[in-house]
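Asks: Here it is, the structure in full.
Every number here is computed from the coordinates shown, using simple stated rules; none is lab data. The shown structure was predicted, so the numbers you read here are calculated from the model rather than taken from an experiment. Cβ atoms come from the backbone with ideal geometry, glycine included; neighbour counts cover every protein chain shown.
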Amino acid sequence: MEKIYLEVLTPDRVFFSGYVKFVSLPEKGGEITILPGHAPLIGELDVGIIKIETTQDIEKFFFCMDGFIDVTWDGVSIMANIVKESKDIDIEEVYKKKEDLWQKIFSGSPEYNYDKLMKKYRATEYQIDLKEKLAK
């Protein structure tokens with residue numbers, strides 16, 4: 001069985017470390033899937049969902065936001081500012097944050113940075129999607 005070593009790191013801990021069959025992740029240019037033997041690359045991690053399949057055929061999903069990806073012949077390192085498992089997402093808090101962001105986005109106030117608000121809004125949508133997907 002072909003496998004690739006994956007490390008998912010946050011500023012305060014090693015979030016995941018182990019061999020996987022593949023990892024799919026949101027890169028700034030779009031979603032990419034990395035399989036064993038993938039060519040080396042360095043990329044910018046976007047907001048979205050990381051999907052992995054372990055060597056034990058278990059699928060895992062994580063919410064991520066901002067960071068970098070380093071793919072070498074030896075493995076993949078994902079360095080992210082935020083990574084959360086579904087169980088760590090407080091869905092009520094996320095819905096409240098989404099509503100607050102929606103109000104700010106459509107307020108038209110020049111005091112808000114529209115791009116940053118939209119990124120945070122997308123982050124709430126991904127967290128909700130992750131919770132709903134795993135609840136089924």
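Asks: Separation between the residue 90 and residue 17 pseudo-spin-labels, each 7 Å from Cα along Cα→Cβ, expressed in nm?
Replies: In this crude spin-label approximation the distance works out to 3.0 nm.
Asks: Add -39500 (n - 2.57) for each DSSP H run of 4 or more in the chain, then divide by its residues: what number comes out at 222 nm, to the nearest 500 deg cm²/dmol?
Replies: Roughly -9500 deg cm²/dmol at 222 nm, from the helical runs in the chain.
Asks: Okay, next question. Need one number: the % of Cα-Cα pairs in the chain sitting beyond the 18 Å mark. Intermediate values should be presented prior to the final figure.
Replies: Values: 5244 of 9180 pairs.
Tail fraction, whole percent: 57.
Asks: Would you please give the FRET efficiency between residue 42 and residue 10, computed as 1/(1 + (r/R0)^6) with r the Cβ-Cβ distance and R0 = 22 Å, to the nearest 0.05?
Replies: After rounding to 0.05, the efficiency reads 0.75.
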